[in-house]
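Each remark here refers to the structure printed beneath this line.
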Amino acid sequence: MADTSTPNGTPGNWALEARGLSKRYFGGWALRDCSFRIPTGRICGLVGPNGAGKSTLLGLATRQVQPTAGELRIFGVPVDDPAVMPRFAFLGQEKPLFKRFTVADTLRMGAELNPGWDAAAAERIVRSGHVPLHAKTGDLSGGQRTRVAFALAFGKRPDLLLLDEPMADLDPLARDEMSTLLMAEAVERGTTVVMSSHLLTELEDMCDYLLVVAEGRVRMAGDTDALVPAHTLVRGVAPDGSPPAGLDLHTVIETRVQGRQFQALIRPKGPLPDDWESAEPSLEEVLLAHLRSPDAPSLYTQGARVEAEGTQAA
Ligand SMILES: Nc1ncnc2c1ncn2[C@@H]1O[C@H](COP(=O)(O)OP(=O)(O)OP(=O)(O)O)[C@@H](O)[C@H]1O
């Protein structure tokens, strides 16, 4: 496959770069030998089933979790170097706001803790949701707290925004509003966003880059525009109720047989038989097939691949 790197994605210009990254808890491996790159200026969806290792990966990036093996760099700097701290902001499922602080106090605290604080952006986010500045954050609704947490994250003017299902507690209207805001702010400043989400439509609407993990391993990484067209959805007659032998000539992600019909998501390695119907799948169809088939062969666009160089986990 062709190198799909954008001008921003040339080597040395990676927002996040992992080599042989692994994390083992007492219960087993949460992440195992993960190597990938995410170029700067992209909105990257972090996708995977429950327990895939998404939060662990974001925890490693924010130093809340220590790696068992491998390394992770933010803008080329190892994450344990204090120089990376001002360059990223993290917003998780928990919104750690001081309950007794008012919204105004919270924004003031943001200003004092962050030298490059963008007060106008932070206030704009809060005011556009009609969140009262004098209210204590402990008295706000879940959605309002999320908005204040977004304001804190954006006010920091990060180059990299790491989001762990940040909109899970928002109603559809607020979710739509925050997505629009997120896109606008990211485009305006060229912020790289890495966002875990289970909402495939949200990912389809927002993300131009994908990192798919399952069972602690990277399954797909790269440009959405290159990953999706690499797949083909095929349908045809299933002789004897089993998939046709010709499928084995291609990389098969998932096969389903219903009666005398089969349907498969494949990465074609050559011409397809004339008696198969074929179509380009949607992003949702590609993601669902990969999530249902964690053992399917992985796929990286060229810029997304990085060799682990002897950091492989045991
Ligand atoms: N602090 C911890 N101690 C022990 N095991 C953990 C810890 N945190 C995560 N794990 C385990 O590591 C694996 C990956 O968990 P992680 O939370 O990273 O997954 P996830 O993809 O974020 O899942 P979800 O979509 O459900 O939030 C799971 O098996 C989980 O049980």
| field | More than 18 angstrom apart: percent of Cα pairs within region 77-158 | value | 39
| query | About its Cα centre, how strong a charge dipole does region 232-279 have in debye, to the nearest 20, once Lys and Arg get +1 and Asp and Glu get -1 at the Cβ? | reply | 140
| said: Rounding to the nearest 10 and keeping the result within 0 to 90°, find how far the Cα-based axis of helix 103-113 lies from the longest principal axis of the chain. | reply: 80
| said: Order 234-241, 190-197, 149-156, 104-111 from most to least packed using the mean count of other Cβ atoms within 10 Å. | reply: 149-156, 190-197, 104-111, 234-241
| note | Note on the chain: the mean projected area of its alpha-carbon convex hull, in nm², is 18.3
| field | Rg/Rh ratio calculated on Cα atoms of region 232-279 (Kirkwood radius) | value | 0.91
| message | If you restrict to DSSP beta bridges whose two residues both lie in the chain, what percentage is antiparallel, to the nearest 5? | response | 65
| task | Write out the GluC sites (Glu not before Pro) in region 73-151 meeting two conditions: DSSP loop, and at most 16 other Cβ atoms within 10 Å of their Cβ. | result | 94
| remark: All alpha-carbon distances of region 248-304, grouped into 10 Å bins from 0, give the whole-percent distribution 19, 53, 25, 3, 0
| Placing +1 at every Lys and Arg Cβ and -1 at every Asp and Glu Cβ, with all other atoms neutral, what dipole size does the chain have around its Cα centre, in debye to the nearest 20? | 1020
| Entries in 136/156; 23/269; 95/156; 99/156 that, when Cα-Cα distance is taken, lie over 27 Å | 23/269
| Calculated over region 143-218: convex hull of Cα atoms, volume per residue (Å³) | 100
| note | Per the charge dipole of the chain (beta-carbon charges, Lys/Arg positive, Asp/Glu negative, Cα centre), the residue among 84, 65, 109 reaching farthest to the positive end is 109
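Bear in mind these aren't lab numbers, they're just calculated from the coordinates by the rules spelled out. These numbers were taken from a predicted model, which means no experiment stands behind them. We place every Cβ from the backbone using ideal geometry, glycine too, and count neighbours over all the protein chains shown.
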